[in-house]
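Enquirer: Can you read through this structure? Questions will come right after.
The values are calculated or read from the model by the stated rules, or taken from the named source; none is laboratory data. It should be emphasised that the depicted structure is a prediction, and the values quoted were computed from it without experimental measurement. Note that each Cβ is placed from the backbone with ideal geometry, even for glycine, and that neighbours are counted across all protein chains shown.
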Amino acid sequence: MAKRPIVKPPTAAKPPPKKQAFDPAVFLKTEGPGRTIGKYRKDQQIFSQGSPADVLFYIITGTVKIVVHSEQGKEAVIALLGRDDFFGEGCLAGQSHRLSAASAITDSEILRITKSAALSALREQPAFSEIFVSHILARTIRVEADLIDQLFNSSEKRLARALLLLANFGNDGKPQRVIAKVSQEMLADMIGTTRSRVSHFMNKFRKLGFIDYNGHLEINSSLLNVVLHDQPHIAGDKSVGGKGPLKSL
């Protein structure tokens, strides 16, 4: 009697490997398609004013200075940015050339994201879009606060606010050390005054115990009193007295 052939049951197809979930923290700190990490030395230029705008930047570590140069050769510092800040985002809104220049003021590690890769991530990854939109909103609020500060506050108050922002001041009341060494000339450019005025106010702040700068710059919570005392009143703005310092300073 002939043996019946043994028919093996069909093997089940292996399920395709699960697609790894998008992690914005990994995306912003690693290289990949359209993303490269560059290391910049102190005072090294990242891009120049008028250069092509085709890359979005993200600061992994370090501090970056954004400046604008006039035709007469004058330089104005418009922002000092630190870890987890984006810059160069104008390329995503149709800006073809840089309206400002950027350079590292400390040794920095910076992620470069091509315009196409950034736009693709914004369209396809809600987690990345949320982080980026939060950055844009925070930057808008900061620019508005800078304008009010420049229009209504004295140079003394503008300097106090700039120092608090440089120190990434929080609400825990502990002194915060400013890692980046910022010259008095740069502070003067930031707040629109002279170096001699900055020197005068820095000495005053030190005598009052608001700051300490013997080899390093340390900011004490008491410096907030300079900023919050007699702040300009904006019509329709409600007082927040007794609830701690304003986050936007």
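Enquirer: Cβ-Cβ under 7 Å, sequence separation 6+ or interchain: first residue in the stretch 110-137 and more than 14 Å from Phe87 (Cβ to Cβ), partner hydroxyl-bearing (Ser, Thr, Tyr). Which pairs?
Expert: Final answer for the pair search is Leu122/Ser129.
Enquirer: I would also like to ask the following. Which of the residues belonging to the stretch 214-227 are loosely packed, with under 15 Cβ neighbours inside 10 Å and either free of Cβ contacts under 8 Å to residues at least 24 places away in the same chain or touching a helix residue (DSSP H, G or I) at 6+ places or on another chain (Cβ under 6 Å) (or both)?
Expert: Within the stretch 214-227, Asn214, Gly215, Ser222, Asn225 meet the criteria.
Enquirer: Oh, and also: Is it the case that Arg142 is in a helix (DSSP H, G or I) and either at pLDDT 95 or above or more than 13 Å from the chain's Cα centre (by Cα) (or both)?
Expert: Spelling it out, it is not the case that Arg142 is in a helix (DSSP H, G or I) and either at pLDDT 95 or above or more than 13 Å from the chain's Cα centre (by Cα) (or both).
Enquirer: Which one of these does Gln72 not meet: (1) part of a loop (DSSP other than H, G, I, E, B); (2) modelled with pLDDT under 90; (3) within 20 Å of Leu137 (Cβ to Cβ)?
Expert: Failing condition for Gln72: (3).
Enquirer: Further question: Considering only the stretch 21-62, how many residues are crowded, with 16+ Cβ neighbours inside 10 Å, in contact with a strand residue (DSSP E or B) (Cβ under 6 Å, 6 or more places away or on another chain) and not in a loop (DSSP other than H, G, I, E, B)?
Expert: 10
Enquirer: Exactly one of these conditions fails for Arg83: (1) in a loop (DSSP other than H, G, I, E, B); (2) out of contact with any Ser or Thr (no Cβ under 9 Å at 6 or more places or on another chain). Give me its number.
Expert: (2)
Enquirer: Taking the residues in the stretch 63-88 that are surrounded by fewer than 20 Cβ atoms within 10 Å (Cβ to Cβ) and of a type in the set (Lys, Arg) as candidates, determine which candidate is nearest to Val182 (Cα to Cα).
Expert: Result: Arg83.
Enquirer: If you take the residues of the stretch 177-213 that are β-branched (Val, Ile, Thr) and farther than 17 Å from Asn153 by Cα, which of them is modelled with the highest pLDDT?
Expert: Ile211
Enquirer: Can you name every residue in the stretch 28-66 that is basic (Lys, Arg), over 17 Å from the mean Cα position of the chain (by Cα) and either within 25 Å of Gln125 (Cβ to Cβ) or assigned by TED's automatic domain parsing to the domain that holds Met190 (or both)?
Expert: Arg35
Enquirer: Here are some residues: Glu89, Glu130. Which one is at pLDDT 90 or above, of a type in the set (D, E, K, R) and not assigned by TED's automatic domain parsing to the domain that holds Ala53?
Expert: After ruling out the rest, the residue left standing is Glu130.
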